[in-house]
1. If you plug each phi of the range B:61-75 into the Karplus form 6.51 cos²θ - 1.76 cosθ + 1.60 with θ = phi - 60°, what whole-Hz ³J(HN,Hα) values come out, in order, with x for Gly and Pro?
2. Subtracting the Cα-Cα distance from 0.36 nm times the residue separation, let me have the gained length for A:M1 to A:E53 in nm, one decimal.
3. Count the lysine pairs in chain B whose Cα atoms sit under 22 Å apart, keeping only pairs 8 or more residues apart in sequence or on different chains.
4. Determine the shape class of chain A: with a ≥ b ≥ c the square roots of the Cα gyration tensor eigenvalues, call it rounded for a/c under 1.5, and otherwise prolate if a/b is greater than b/c, oblate otherwise.
5. Output the direction-averaged projected area (hull surface divided by four) of the convex hull of the alpha-carbon atoms of the range A:1-46, in nm².
6. I need the phi-derived Karplus couplings for the range A:51-68: 6.51 cos²θ - 1.76 cosθ + 1.60, θ = phi - 60°, integer Hz, Gly and Pro marked x.
7. Tell me, in nm to one decimal, what length is gained between A:I65 and A:R23 on full extension, where the rule is 0.36 nm per residue of separation less the Cα-Cα distance?
8. For q = 0.09, 0.14, 0.15 Å⁻¹, what log10 I(q)/I(0) does the protein assembly as shown give under the Debye formula with an equal point scatterer on each alpha carbon and no solvent?
Amino acid sequence: MQLGRVVGCVWATVKNPSLEGYRLLLVQPLASDLRDTGKRLVCTDWTGAGAGEMVYWVRGREASIAFLPGQPPSDATIVGIVDSVHRAAAKTSKPARQPAERH
Amino acid sequence: MILARVVGTVVATRKDPRLEGKKLLVLKPVSPEGKDEAGYVVAVDTVGAGFRERVLAVSGSSARMAEGCKDTPVDTAIVGIVDDVRLD
């Protein structure tokens with residue numbers, strides 16, 4: 001699963017019957033430092049996420065499993081809305097622990 | 001799923017029998033703004049898309065979930081014709 005941000009939505013009137021009734025949202029994938037990374041993609045939405053919300057999404061065959069017993073032809077699905085993210089600070093070239101001073 | 005534009009067709013006489021009667025189209029991925037992106041992909045059409053139309057393509061094993069593609073050797077399928085993309 002990856003983090004992403006909802007940046008838009010997609011309308012498609014003519015679609016495969018097995019995709020009827022599913023919301024299609026445009027998602028910008030986010031890196032671990034929450035900066036934009038990679039190309040935007042279209043996801044089916046399981047959560048009811050709105051514009052600008054941070055979400056996590058699943059890709060691959062599992063994307064359609066989120067909707068069981070229905071199995072839409074989807075390779076990316078938003079499966080959660082992110083409340084908050086906590087992560088360790090990025091590593092720097094400086095050593096994490098300074099050697100103790102001797103007296 | 002990706003947004004793409006139909007840029008051509010593929011004709012294949014000799015093929016897996018489970019692909020018979022299926023339309024094969026050449027897709028060029030596009031950005032949400034409509035600009036062409038690198039690469040191309042051949043996809044099975046399940047919605048009756050036409051030349052230059054902007055479509056929604058699903059890839060991987062999920063493509064087989066599309067109606068008409070069950071148990072077929074397909075890894076990319078066109079599952080929708082895009083009317084509009086709204087950027088928030």
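1. Here the 3J(HN,Hα) series is 5, 5, 4, 6, 6, 5, 4, x, 10, 4, 6, 10, x, 10, 10 Hz.
2. Numbers: separation 52, 0.36 × 52 = 18.72 nm, distance 1.62 nm.
Between A:M1 and A:E53, full extension yields an extra 17.1 nm.
3. On the way: B:K15/B:K23; B:K15/B:K70; B:K22/B:K70; B:K23/B:K70.
Lysine pairs satisfying the spacing and distance rule in chain B number 4.
4. Details: a/c = 3.61, a/b = 2.91, b/c = 1.24.
Here chain A falls in the prolate category.
5. Values: hull surface 14.8 nm².
Mean shadow area of the hull around the Cα atoms is 3.7 nm².
6. Ordered by residue, 3J(HN,Hα) equals 4, x, 6, 7, 9, 10, 9, 10, 10, x, 4, 5, 4, 8, 5, 4, 9, 3 Hz.
7. Working: separation 42, 0.36 × 42 = 15.12 nm, distance 1.55 nm.
That pair, A:I65 and A:R23, stretches by 13.6 nm at full extension.
8. -0.37, -0.76, -0.86
No lab work stands behind these numbers, since they all come straight from the coordinates. The model shown is predicted, which means the values in this text are computed figures rather than measured ones. Reconstructed Cβ throughout: ideal geometry from the backbone, glycine too, with neighbour counts over all protein chains shown.
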